[in-house]
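Undergrad: Handing you a structure now.
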Amino acid sequence: WEFRGSGLTNMHGSTGDIIFLGTFTPQLEEIFYEMTHKHDQDLGGSGSNLRTPSDCIGQARCEYACYDTQDICTHLTKEYQDELHRPAFPYKFKFKFDGCPNCCVSSIARADMSFIGTWKDDIRIDQEAVKGYVNGEFPPNAGAHAGRDWGAFDIQKEVIDRCPTECMRYENGKLEINNRECTRCMHCINVMPRALRPGKQTGCSILVGAKAPILDGAQMSSLLLPFVEVNKENDYQEIKDVIESIWDWWMEEGKNRERLGELMKRQGFQ
């Protein structure tokens, strides 16, 4: 970078990358060639382009992941190399992939387009394991809050009453869930992981329009598609169709330095 640019680097990007600051346009293609061909490095830009996509660890380690976050993140990174390297958008654009609604990469608050794993059938319930929690055989939250004596586990206070849509009840030693009212908040599953599991018909929800400006605070994304199957077999074509349709609209209608969420707000689509 001393030879090709200013010699200034930034090690504080939120993605953990090294950012090279300050060069001239005629140097860019030569820099890309040298870094990618001679040093085998992946490069993205920091201009009005697609930023490097990020994902949670997904099915590699997490039992809650509803789709393979790492595979789709890698596939779309390779698919959209042109959008990563050659700025053509009104402003920056970010993908983030969360395998479940626990949202470990905070896509709902930080990405112009969020892919959050979900399911469309019923939460799986192991009634014997539920009784195990109630009887104190298993620590709630997988023992994550075991540092203090919180007293006996109270399923009514710690699970039922904390359900945001009040779609659960525990009567006569049996837990019941009105799945039509469930918002997939994951609280009950996090508290009783041995007893509750996401459903088997898994996919993802697509949300759009988030950003995290320093002064204004997080602007949460808006739900666009409640459920999409994440189909590896056809190279995620359904998802790519949605992405490219949104890009076409944003590039046509967006003002300079206007994020997708700001365009949605300006045109009344939130």
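Undergrad: Just to be sure, is Leu21 modelled with pLDDT under 90, crowded, with 16+ Cβ neighbours inside 10 Å and more than 14 Å from the chain's Cα centre (by Cα)?
TA: no
Undergrad: Mind checking which helices (runs of 4 or more DSSP H) fall wholly inside the range 60-156 and carry at least 2 residues that are within 30 Å of Gln237 (Cβ to Cβ) and open to solvent by 60 Å² or more (accessible area, probe 1.4 Å)?
TA: In the range 60-156, the matching helices (runs of 4 or more DSSP H) lie at 69-79.
Undergrad: For the range 127-161, what are the residues that are in contact with a helix residue (DSSP H, G or I) (Cβ under 9 Å, 6 or more places away or on another chain) and either in contact (Cβ under 8 Å) with a residue 60 or more places away in the chain or at positive phi (or both)?
TA: Val130, Tyr133, Asn141, Ala142, listed by residue number.
Undergrad: When the residues of the range 24-59 are filtered to those that are in a helix (DSSP H, G or I) and touching a residue at least 12 places away in the same chain (Cβ under 8 Å), which remaining residue is surrounded by the most Cβ atoms within 10 Å (Cβ to Cβ)?
TA: So, considering only residues that are in a helix (DSSP H, G or I) and touching a residue at least 12 places away in the same chain (Cβ under 8 Å), the one surrounded by the most Cβ atoms within 10 Å (Cβ to Cβ) is Gly58.
Undergrad: Just the residues that are outside the structural domain of Ala88 (by the TED database) and at positive phi, please, taken from the range 20-67.
TA: Across the range 20-67, the qualifying residues are Gly22, Asp40.
The values are calculated or read from the model by the stated rules, or taken from the named source; none is laboratory data. In this text, all values refer to a predicted model and were calculated from it rather than measured experimentally. Ideal geometry is used to build each Cβ from the backbone, glycine not excepted, and the neighbour counts take in all protein chains shown. Just the protein is used for accessible areas: all its heavy atoms, side chains included, with ligands, DNA and RNA removed. Shrake-Rupley method; radii C 1.70, N 1.55, O 1.52, S 1.80 Å.
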